[in-house]
Amino acid sequence: MKRNIALCVTFIFLFCFSVCVSAVILSSEQPVDTPPMDETDDTENKNEEEGMNGKILVAYFSATGTTESLAKYVAEILGADIYEIMPDVPYTEEDLAYYTNSRADREQNDPTARPAISGSVENMEQYDAVLIGYPIWHGQAPRIISTFLESYDFEDKTLVPFCTSHSSGIGSSGTNLHALCPNATWLDGKRFSADTSKSEMKIWLDSIGINQSDITDNVKDNPFNFETRTVMLNSGYEMPIYGLGTYSLSDEECYKSVTALLESGGRLIDTAYMYHNEASVGKAIRESDVPREDIFVITKLYPNQFSNPETAIDEALKRMNIEYIDMMLLHHPGKGDVEAYLAMERAVADGKIRSIGLSNWYIEELEEFLPQVNITPALVQNEIHPYYQENDVIPYIQDLGIVVQGWYPLGGRGHTAELLGDDVISEIAEAHEKSSAQVILRWNLQKGVVVIPGSSNPEHIRENTELFDFELTDDEMARINALDRNEKHDWY
Ligand SMILES: NC(=O)c1ccc[n+]([C@@H]2O[C@H](COP(=O)([O-])OP(=O)(O)OC[C@H]3O[C@@H](n4cnc5c(N)ncnc54)[C@H](OP(=O)(O)O)[C@@H]3O)[C@@H](O)[C@H]2O)c1
Ligand SMILES: Cc1cc2nc3c(=O)[nH]c(=O)nc-3n(C[C@H](O)[C@H](O)[C@H](O)COP(=O)(O)O)c2cc1C
């Protein structure tokens, strides 16, 4: 018995020792005839800080399925394409039996070994970033990863290694690959164990600045999370980025429209004291099957209420009867607006309102208003559509950490025909097999502007929620941007 234990201990010791030695030997060699990379390279650090953007591919090699599971998590989390690096000659069990001078052992001991790959990535040019998954073999990436990296031009692409192993860390296995693609931007890699969960992978991806919202340059600096379809407000609450506007809807229309929105998966509703339909918004919410916490309701105080804001807030709460108001805005600048805003701040402290903001405030108005209040608005709602784009105002507001929401996204009643029939918008819509309304709403989202199209038509309401299965290109965004006429469709 004692002899067996001693043998076991000796074997474990020898295994660990040989793994370490191999790792040291292999890590000190560069896989091809190129000098070692400087790991403190400035470009690398800069890119780590900036995060990674663009269309993403997850490419992986997995001999026994461990890396494959994690590669699938990564692809699911990022909504990325996935590609399995398949050896031309598959590895048998015998090939993988390490420390037996097996095929894998021999390849790992030969820096020039380049096992052939079966098949190839179609259209590698389309990817801006590639995550490369592999198992650790003798402290390094299997040589087939070298074959893969030498098969494509990765210039200007971002590459991120990740690996699985029994116990070894990623060590130099990732950095040794740099020399194979010196013109790529390499981010630090990470090693994962076989039982790593999807949420642990997500935490890592978030930490290197990559997530679904980074899918293209169009949405690079966008505050929106396109995966959850929400935006994090500076108040700490999450708000959906698309929903329904209820201006001019009668009580009955409003009830039906809010119901249709909730049934279509939309969760954001914009109403106001002035729309005279807060009560029917509340009724539709109470009578729906959707939990209250999942719904986000915005209402507004009108200037004629600014002189008695406390009562106005309590009356709004009573009319809607939905426990609390997610967001309350001042509808327009007006006499007593600062006092009314301070009353909303107190209502936040009392738990009656969760977030507060402004509507129809532009740069000058904000410059004057903000120093007089304590809570930075979470949101500003202004007129925004392709003929009135507010391209100076939007970044000004966003730079303050305030979310921008557009009213009249479709031009407003009486103007929709011209906007929806616009040649440029119709052409782009046809190319994506979407409607003009969907293209305009998507254009807003890609600019980081929350959309609340108004509608009393359940078909339109459903259509207006289907904004996440297509994406406008830089060129299409630019063509819509060029439609700006500075043409306001209402006075405020
Ligand atoms: N803060 C402010 O001062 C302010 C001012 C104005 C508006 N708002 C808010 O912004 C919201 C949006 O503005 P809005 O409703 O006045 O104008 P809008 O959203 O620009 O346009 C509404 C019009 O578009 C039509 N429409 C909606 N979806 C459509 C689709 N998929 N295809 C074709 N037509 C479609 C609607 O007709 P159907 O009913 O037939 O669908 C309606 O006639 C308002 O409801 C309100 O909540 C705020
Ligand atoms: C040839 C070979 C060498 C290996 N070398 C190491 C090693 O140095 N360190 C380690 O922790 N695991 C080592 N392993 C174990 C694998 O890295 C680990 O099982 C990995 O998760 C397998 O991934 P896969 O299922 O995707 O192929 C080795 C496995 C093989 C087949």
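A few notes on this one:
A quick yes/no check of all residues on (1) touching a helix residue (DSSP H, G or I) at 6+ places or on another chain (Cβ under 7 Å); (2) at pLDDT 95 or above; (3) part of a helix (DSSP H, G or I):
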| site | (1), (2), (3) |
| --- | --- |
| Glu48 | no, no, yes |
| Asn53 | yes, no, no |
| Val58 | yes, yes, no |
| Ala63 | yes, yes, no |
| Ala71 | no, yes, yes |
| Ala75 | no, no, yes |
| Tyr83 | no, yes, no |
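- The range 454-470, subset within 20 Å of Tyr408 (Cβ to Cβ) and within 9 Å of ligand 1 (Cβ to nearest atom), residue surrounded by the fewest Cβ atoms within 10 Å (Cβ to Cβ): Asn457
This table checks each residue for (1) touching an Asp or Glu at 6+ places or on another chain (Cβ under 7 Å); (2) hydrophobic (A, V, I, L, M, F, W, C); (3) on the phi < 0 side of the Ramachandran plot; (4) buried (at least 24 other Cβ atoms within 10 Å of the Cβ).
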{"site": "Tyr134", "(1), (2), (3), (4)": "no, no, yes, yes"}
{"site": "Thr147", "(1), (2), (3), (4)": "no, no, yes, no"}
{"site": "Asp156", "(1), (2), (3), (4)": "no, no, no, no"}
{"site": "Val160", "(1), (2), (3), (4)": "no, yes, yes, yes"}
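- Flag for Leu96 being at pLDDT 95 or above and over 15 Å from Leu177 (Cα atoms): yes
- Test: Lys300 is in contact with a Ser or Thr (Cβ under 9 Å, 6 or more places away or on another chain), on the phi < 0 side of the Ramachandran plot and among the basic types (Lys, Arg): yes
- Every condition in (1) under 30 Å from Val348 (Cβ atoms); (2) assigned by TED's automatic domain parsing to the domain that holds Ile363 is met by Asn391 except one, and the failing one is (1).
- For Asp156: the one exception among (1) over 22 Å from Gly189 (Cα atoms); (2) part of a loop (DSSP other than H, G, I, E, B): (1)
- Where helices (runs of 4 or more DSSP H) fall entirely within the range 248-341, those with at least 3 residues that are modelled with pLDDT of 95 or more, over 29 Å from Glu364 (Cβ atoms) and hydrophobic (A, V, I, L, M, F, W, C) are at 251-263, 278-286.
- Within the range 85-100, considering residues that are assigned to a helix (DSSP H, G or I) and near ligand 2 (Cβ under 9 Å from one of its atoms), the one surrounded by the fewest Cβ atoms within 10 Å (Cβ to Cβ): Leu96
- Any hit, the range 108-118, residues being surrounded by fewer than 16 Cβ atoms within 10 Å (Cβ to Cβ) and of a type in the set (A, V, I, L, M, F, W, C): yes
- Qualifying residue in the range 265-282 (condition: away from ligand 1 (no atom under 12 Å from the Cβ), closer than 27 Å to Val373 by Cα and touching a Pro at 6+ places or on another chain (Cβ under 7 Å)): no
- When Gln126, Gln140 are checked against the criterion of being farther than 14 Å from Leu180 by Cβ and either in the same structural domain as Ile208 (by TED's automatic domain parsing) or of a type in the set (Asp, Glu) (or both), a single residue qualifies: Gln126.
- All conditions but one from (1) surrounded by 17 or more Cβ atoms within 10 Å (Cβ to Cβ); (2) of a type outside the set (D, E, K, R); (3) within 16 Å of ligand 1 (Cβ to nearest atom); (4) assigned to a helix (DSSP H, G or I) apply to Gly357; the one that does not is (4).
- Note on the range 107-164: residues that are of a type in the set (Ser, Thr, Tyr), at pLDDT 95 or above and under 16 Å from Tyr83 (Cα atoms) amount to 7.
- The set of residues in the range 359-387 that are of a type in the set (S, T, N, Q) and over 22 Å from Met239 (Cβ atoms) contains only Gln372.
- In the range 286-302, the residue that is farthest from Leu358 (Cα to Cα) out of those that are out of contact with any helix residue (DSSP H, G or I) (no Cβ under 7 Å at 6 or more places or on another chain) and surrounded by 16 or more Cβ atoms within 10 Å (Cβ to Cβ) is Phe296.
- Selection within the range 318-371 - within 28 Å of Asp490 (Cα to Cα), β-branched (Val, Ile, Thr) and touching a Phe, Trp or Tyr at 6+ places or on another chain (Cβ under 8 Å): Val338, Ile356, Ile363
The values are calculated or read from the model by the stated rules, or taken from the named source; none is laboratory data. Note that this is a predicted model, so its numbers are computed, not measured. For neighbour counting, all protein chains shown are included, and Cβ atoms are generated from backbone atoms with ideal geometry for every residue, glycine included.
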